[in-house]
Amino acid sequence: MFKKILDLKVQYQDKYILAANYLFIVYAFFLPIYAKPVKTIFGMVLVLFLLSGNIKEKLLFAFKDKVVQAFLLFVLVHLIWILGSENLEMAVFKLKELKYVLYMIVFIAVIRKDFIYKILTGFLLGIFFSEIVSYLMLFDIRIPYLVYTGYGVNVPFMETFTQYSTVLSISLGILLYGIVTKKQKLWVKIIYVMFFISASSNIFIIQSKLGYGLYAISILTVTAMIMIKYKKYFMLPVSLVLIFGGYFIAYNTSDIFHNRVNDFFNQTEAAIDKQNYYTSTGARVGFYVYSYEIMKENFLFGVGAGDHIGEFKNYVKEHETNKKNIHSMYENTKNGEYASLHSEFLDNTLQFGIIGLLVFLNIFYQLLRYPYDDHYMKVVQIIFIVILLSVSSVSLVFLYAKLKNIFIFLSALTLMHYHNEKRLKLL
């Protein structure tokens, strides 16, 4: 009798995990689109996780993971440095935003290995849906009852066009690798190719200058992976044609791309040669110039959690003579809880010194050296590592909800999971 009750309990626990994995497919779809369904679905998954049993064993499994430890160490630095913060409101806000790191533990404990590709497909379909909406916005077509939460031209759901171009770059890298290396039916291959073309084109009709660079970085990263693994050296000329051909077509057909590229080079040249920091690109150059000076005085421990914006503004006011430069850099840092220097590298180094920078980079290092037996998912991992490191140089990853959650989710998706092949055979 007792054995039957125990077997019945185990069967229900397995069904909870199965249901949670199907929910994760929907979760992945909405991740680049709407925050509210994502939170609701995660709440449902959390309940199923608590009902699935072996909680202590699953938690210990997750906490032993080197990548999880790297993320938690990053949170710990924010927590420790908050003790000496003079801008407690900003420091506490950023610490609260890092609570989503804890989601990784549930992901690792619940996701089944046989669902990884289904979940990844759900994520890619979410991006594809965003693309369709973006193209409709280009022709001023709005879908009734659809809530547009994006910012900027042709960006339907992301907080910034930089975030949108980031997820597009990750998706087109994943698709390109699948097109070249995976054996698929012809109709599936055609869908992959069409999706790749649409993602590439979509990057060039939004306003993200960074996104234009990410397009090349994504393709070159995948090309390197294919050449290393499969010795397909023809990919190098193919990738160069894709990159320069894409830029040539976009420069001659897209006014947005044409103007943004010209502005970037003109503003960068003016910032470097004439110290003109009163443009959007020039301000970012100014951030690096003056942050470097502040870093030299606070190399090891930084200026404190949340205190870097005030310190930066004070330093600029004291040392910059051009009032237009001062005004531009003040305006571009923003105010309040979302204030930043538009760079994860700068924000972390100024707040926490070289210690904070190394702790931040350690997340990517642990991901990069992570042992994984599925080469395709390892490539997915490398793609988003390279893209997000590139983004971190001139933008943010952890401050914006959608991009941060996508980073955490994709990281967890490419780690070892509690429900691995050995456990699945027992189900």
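Any read-out appearing in this document is the output of simple, stated calculations on the displayed coordinates, not a laboratory observation. Everything quoted here is computed from the prediction, not taken from an experiment. FYI the Cβ positions are ideal-geometry reconstructions off the backbone, even for glycines, and counts take in every protein chain you see.
What the table below lists for this structure:
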read-out: GNM flexibility winner over the chain from LEU186, LEU242, LEU388 (Cα, springs under 10 Å); value: LEU186
read-out: Rounded D (µm²/s) - region 183-316, Kirkwood Rh over Cα pairs, Stokes-Einstein at 37 °C, 0.692 mPa s; value: 180 µm²/s
read-out: Point-charge dipole on Cβ atoms (K/R +1, D/E -1) for region 7-135, about Cα centre, debye to 20; value: 240 debye
read-out: Members of LYS96/LYS317; LYS113/LYS182; LYS96/LYS182; LYS66/LYS189; LYS99/LYS296; LYS185/LYS229 lying beyond 29 Å, as alpha-carbon distances in this model show; value: LYS96/LYS317; LYS96/LYS182; LYS66/LYS189; LYS99/LYS296
read-out: Dipole magnitude (debye, nearest 20) for the chain, charges at Cβ of Lys, Arg, Asp, Glu; value: 1960 debye
read-out: Cα coordinate range in region 97-139, projected on the principal axes (Å, largest first); value: 44, 31, 7
read-out: More than 18 Å apart - percent of Cα-Cα pairs taken over region 290-393; value: 55 percent
read-out: Orientation-averaged projected area, Cα convex hull of region 17-138 (nm²); value: 9.8 nm²
read-out: ³J(HN,Hα) computed for each position of region 79-85 - Karplus, 6.51 cos²θ - 1.76 cosθ + 1.60, integer Hz, glycine/proline x; value: 5, 5, 5, 5, 4, x, 6
read-out: Choice from VAL68, VAL167, VAL92 showing the highest fluctuation, given a GNM over the chain with Cα pairs closer than 10 Å; value: VAL92
read-out: Choice from LYS296, LYS96, LYS274 showing the highest fluctuation, given a GNM over the chain with Cα pairs closer than 10 Å; value: LYS274
